[in-house]
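For reference, the structure discussed in these notes is given below.
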Amino acid sequence: MDTIRVLIVDDHPLFRDGLKVLLESAPDTELAGEASNGGDAVKLAAEIQPDVILMDVKMPGIDGIEATRRILGANPDTKVLMLTMYEDDQSVFAAMRAGARGYVQKGARHDEMQRAIRAVASGEAIFSPSIAARMMDFFAGGRNQISEEAFPDLTEREREIL
């Protein structure tokens, strides 16, 4: 397998440092760059063309969801893995609508994070177990009505079909 070039985007330097150590510990990943906000991420992604972007959801200025939308609009082959402390339905569905290939909690273990990076790089979609369970509950349970907040651009009929 080729080396996976990763761009880290997070507004917390300490968390970025931890992700760099994670990438250095795996022989099949390398740090392609890092950004502390969505605006810089959009510019850097266009410049360095990473394979995978580890993207924080909530950042000042351009947030991770809007940055993901812009990055994938310019280069749909880039894979984005959202990293966040938030697991609310609105954030998860907004990330999916923006084109993210995965959604992983920041508290994930190293092996889980490495597995997620590899999965996204190979074209899979991946979610933390707690996020996957919430999605299953949403679609299988009493919460299967698609809210206007989660998908504001859909018509009522489109929400019904979804």
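The values are calculated or read from the model by the stated rules, or taken from the named source; none is laboratory data. Keep in mind it's a predicted model, so treat the numbers as computed, not measured. In this analysis, Cβ positions are derived from the backbone assuming ideal geometry, glycine residues included, and neighbour counts consider all displayed protein chains. Side chains included, ligands, DNA and RNA excluded: accessible areas come from the protein's heavy atoms. Shrake-Rupley method; radii C 1.70, N 1.55, O 1.52, S 1.80 Å.
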Looking at the chain as a GNM with Cα springs under 10 Å, which of 57, 80, 42 has the largest mean-square fluctuation?
42
Lysines near residue 43 by alpha-carbon distance under 19 Å, same-chain residues fewer than 8 away left out - which ones?
58, 79
Compute the Cα gyration tensor for the range 19-106, then decide on rounded, prolate or oblate, letting a ≥ b ≥ c be the square roots of its eigenvalues: rounded whenever a/c is under 1.5, prolate when a/b is larger than b/c in the other cases, and oblate in all that remain.
oblate
Which of [x] 1.04; [y] 1.11; [z] 0.97 is the computed Rg/Rh (Cα atoms, Kirkwood Rh) for the structure on display?
[z]
Give me the accessible area per residue for the chain, probe 1.4 Å, as a whole number in Å².
52 Å²
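Extension gain residue 17-residue 30, at 0.36 nm per residue separation less the Cα-Cα distance, in nm? Please report the intermediate quantities before stating the final value.
Values: separation 13, 0.36 × 13 = 4.68 nm, distance 1.33 nm.
So the extension gain works out to 3.3 nm.
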Using a Gaussian network model of the chain whose springs link C-alpha atoms within less than 10 Å, name the residue from 126, 71, 48 with the highest mean-square fluctuation.
48
Which residue fluctuates most in the GNM of the chain (Cα springs below 10 Å): 101, 70, 115?
115
Using a simple charge model, +1 on the beta-carbon of Lys and Arg, -1 on the beta-carbon of Asp and Glu, nothing else, what dipole does the range 23-90 show about its Cα centre, in debye to the nearest 20?
280 debye
11 Å reach of a label modelled at residue 75, 7 Å along Cα-to-Cβ, counting backbone N of the range 1-18:
5-7
